[in-house]
Amino acid sequence: MEVFVQQLINGVTLGAVYGLIAIGYTMVFGIIGMVNFAHGDVFMISAFVALICFMAVTALAGMTGGAVFLALLVALIVSMIVTSLFSWTIERVAYRKLRGSFRLAPLISAIGMSILLMNFVQVAQGARNKPIPPIMRDTISLFEKDGFVVAISYKQILIILVTAILLGIFWYVVQKTPLGRAQRACEQDQKMAALLGINVDRTIAVTFIMGAALAAVAGTMFLTYYGVVVFSDGFVPGVKAFTAAVLGGIGSLPGAVLGGMLIGLIETFWSAYFSIDYKDVAAFSILAIVLIFMPQGLLGKPEVEKV
Amino acid sequence: MTMTEKAPLLAVRGVKTYYGNIIALKGVDIDVHEGEIVTMIGANGAGKSTLMMTIFGKPQAREGTITYDGRDITRMPTHEIAHLGIAQSPEGRRVFPRMSVFENLQMGASVNNLAHFDEDLEKVCAIFPRLKERLQQRAGTLSGGEQQMLAIARALMSRPRLLLLDEPSLGLAPIVVRQIFDVIREVNRKEGMTVFLVEQNAYHALKLATRAYVMVNGLITMSGSGKELLSDPQVKAAYLEGGHH
């Protein structure tokens, strides 16, 4: 029971990070039907930007509690802005011109972008792990049984809270604002959206920006949680988040969050009860099994609409 | 031409449109004057819908010009054309299936940022009471006739100066067809909205029209007032036989 609760907390934290990244995959797929393989590396870049900001602010303001909080806030905001710019640029130079070309073209371009970003960071930041000083090590003990303390750390609370708040804002934007309506319209019928005066290219660009901003939240949380980032960190979390998007039903926003949570939980529970080495095997196996029985994913849209 | 010498609101001149290397419009000339209802009739595949979409730049005309209100819009991006006061209820209705009826109407009003949304919503709900009952329903679950009503209502929501309607009667029950043609007549009379209408239902469409064109195989073969075409023996033979309902 204690182990279960503890792993639940850990799993939800990890799932929040996957879910935030997965939204970027699922939104872009929804609107232009393309898997943006560079998205994982955009996430990695956001963690680096957050790291640089965090180090800069703490170098100036010290490592007191207030300064750390300020540094994290600055890191989050700057990372969201810079990462959005990266993503906007990628869409502009690598994907937009290929729209309307054969389906594989933007996909190949995305893989190229992924390799480019990874190598750019490796050259610019070096190939070693980049750490930040340990922060927010305090935990809150929830209960104790037979010497096993179930605890939730401040970091975990922060990650879960920030994720919940940002998902709320994001959901509101997509469901209730003219911008979100335009996005959903483009997702369902780009030609008709254009006939109604929607600038489709701009709407797609905004989608990339929103996905990147959420990836930056994930990147900053990832850095806070693990305290270290390396140039190759875009790959595995990227693939996991993509898996989460597919598991939840690619194109579906609640599906991305649900998929992220599931992948996070499967991984942590498998590590706790079975083998930590096989946690990825477990996550991907579940994906395979779900896709056999529900090819459109858990919350995916059925292909056929009544006409 | 029965109208005054005022320049037409929409002027299509020598327009040729291609799909890849296949020519769909072979040099089309059309005039639509302010306040008119202009009808174009023609068989399936004649190029009527292509013309409607070419006016909106999707696809763009390869040759010829399209001017609207004195401005050349031949190469203008589609979304900018929509901001000039032209609205279209396109072929196949194209309602957003996973949005509610209400949201579809909001999309229609998005060119003027929902400026008079509430007022216009009330108006289209009065015209199509069926939509009012289904405002929160997903558009994809509506019947074909209801989707057609929604597509027209959505086009009206932008308060267009020029309304393009692509086969508004397609697949509808006769009573609904009559209702839709009444709506077209009404917006034209009461609000002075200019209407350009493409139809296979030639009898109703010609009765309604100030002027009309016949398109065959990507070319205009005949034009005149609605009445003239209605009584023309060729038109009768080709488009009206057994069509009085």
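Rule-based calculations on the coordinates, nothing more; no lab input. Predicted, not measured: the structure shown is a model, and the values here were computed from it. Note: ideal-geometry Cβ built from the backbone for every residue, glycine included; neighbour counts use all protein chains shown.
If one computes the Cα centroid of the stretch A:269-290 and of the stretch B:43-78, what distance in Å separates the two points?
Taking the Cα centre of the stretch B:43-78 as reference, the centre of the stretch A:269-290 is 56 Å away.
Would you mind computing Rg(Cα) / (2.2 N^0.38 Å) for the protein assembly as shown, counting N as its residues?
1.19
Which distance in nm do the two modelled labels at A:F69 and A:I289 give, with both placed 7 Å along the Cα-to-Cβ direction?
Placing both labels 7 Å along Cα→Cβ, they lie 4.4 nm apart.
In whole Å, what is the distance between the alpha-carbon centres of the stretch B:104-149 and the stretch B:167-226?
First find each Cα centre; the distance between them is then 22 Å.
Testing the spin-label approximation: label points 7 Å from Cα along Cα→Cβ at B:D69 and B:K16. State their distance in nm.
Simple spin-label model gives 3.1 nm for this pair.
Counting Lys and Arg as +1 and Asp and Glu as -1, each charge on the Cβ, what is the dipole of the stretch A:2-234 about the Cα centre in debye, to the nearest 20?
720
Over chain B, with a Gaussian network built from C-alpha contacts below 10 Å, which listed residue (B:S49, B:S158, B:S89) shows the highest mean-square fluctuation?
B:S49
Taking every alpha carbon pair in the stretch B:105-156, what does the distance histogram look like in 10 angstrom bins from 0, in percent?
26, 60, 15
Please name which of A:G126, A:A67, A:M210 has its Cα lying farthest along the dipole of the stretch A:2-234 towards the positive end, using unit charges on Cβ (Lys, Arg +1; Asp, Glu -1) and the Cα centre as origin.
A:M210
With bins 10 Å wide starting at 0, give me the P(r) of the stretch A:200-272 over every alpha carbon pair, in whole percents.
Each 10 Å bin holds this share of Cα pairs: 17, 44, 32, 5, 1.
Average the reciprocal distances over every distinct pair of alpha-carbons in chain A, invert the result, and give the Kirkwood radius in Å.
After inverting the mean inverse Cα-Cα distance, the result is 20.0 Å.
Hey, what does the equivalent ellipsoid look like for chain B, semi-axes from the Cα gyration tensor as sqrt of 5 times each eigenvalue, largest first, whole Å?
Semi-axes from the Cα gyration tensor: 27, 21, 17 Å.
Which semi-axes, in whole Å and largest first, does the equivalent ellipsoid of the stretch B:162-245 have when worked out from the alpha carbon gyration tensor as the square roots of 5 times its eigenvalues?
Gyration-tensor ellipsoid for the stretch B:162-245: 20, 16, 12 Å.
Kindly write out, for the stretch A:247-264 in residue order, the coupling ³J(HN,Hα) from the Karplus curve 6.51 cos²θ - 1.76 cosθ + 1.60 (θ = phi - 60°), rounded to whole Hz, with x marking Gly and Pro.
With the stated coefficients, the stretch A:247-264 comes to 4, x, x, 5, x, 9, 5, x, x, 5, 5, 4, x, x, 4, 4, 4, x Hz.
A:V173 versus B:E133, label points 7 Å from Cα toward the beta carbon: distance in nm?
Using points 7 Å along Cα→Cβ, the separation is 4.0 nm.
Give me the three principal axis extents of the stretch A:149-307 from the C-alpha atoms, as integers in angstrom, largest value leading.
58, 36, 30
Among DSSP bridges having both ends in the protein assembly as shown, what percentage is antiparallel? Round to the nearest 5.
Beta bridges within the protein assembly as shown, antiparallel portion: roughly 60 percent.
Give me the extension gain from A:R137 to A:L85: residue separation times 0.36 nm, minus the current Cα-Cα distance, reported in nm with one decimal.
Extra length from A:R137 to A:L85 when fully extended: 15.5 nm.
Expressed as a fraction of 2.2 N^0.38 Å, the rule-of-thumb size for a compact globular protein of N residues, what is the C-alpha radius of gyration of the stretch A:1-99?
1.37
Let me confirm one metric for peptide A:182-195, namely the mean number of other chain beta-carbon atoms within 10 Å of its residues' beta-carbons.
Mean partner-chain Cβ count within 10 Å for A:182-195: 6.
Using alpha-carbon positions, what is the distance between the centroids of the stretch A:1-18 and the stretch A:126-203, in Å?
Using only Cα atoms, the two centres lie 17 Å from each other.
From the phi of every residue in the stretch A:105-111, what ³J(HN,Hα) in whole Hz does the Karplus formula 6.51 cos²θ - 1.76 cosθ + 1.60 yield, where θ is phi - 60° and glycine or proline is x?
4, x, 5, 5, 4, 5, 5
Just add up the charged neighbours of B:L230: K/R +1, D/E -1, any other residue whose Cβ is under 10 Å from the Cβ of B:L230.
So the environment of B:L230 carries a net charge of +1.
Would you look at the GNM of chain A, springs on alpha carbons closer than 10 Å, and say which of A:A22, A:A50, A:A94 moves the most?
So, out of A:A22, A:A50, A:A94, the one fluctuating most is A:A94.
Among all stretches of chain A without exposed trypsin sites (Lys or Arg not before Pro) (DSSP loop, at most 13 other Cβ atoms within 10 Å), which one is longest?
Result, exposed sites excluded: A:138-305.
What is the Cα radius of gyration of the stretch A:82-188 over 2.2 N^0.38 Å, N being its residue count?
1.64
How large is ³J(HN,Hα), in whole Hz, for each residue of the stretch A:217-229 in order, when computed from phi with the Karplus curve 6.51 cos²θ - 1.76 cosθ + 1.60 and θ = phi - 60°, using x for Gly and Pro?
For the stretch A:217-229, the Karplus curve yields 4, 4, x, 5, 5, 4, 5, 4, 6, 8, x, 8, 9 Hz.
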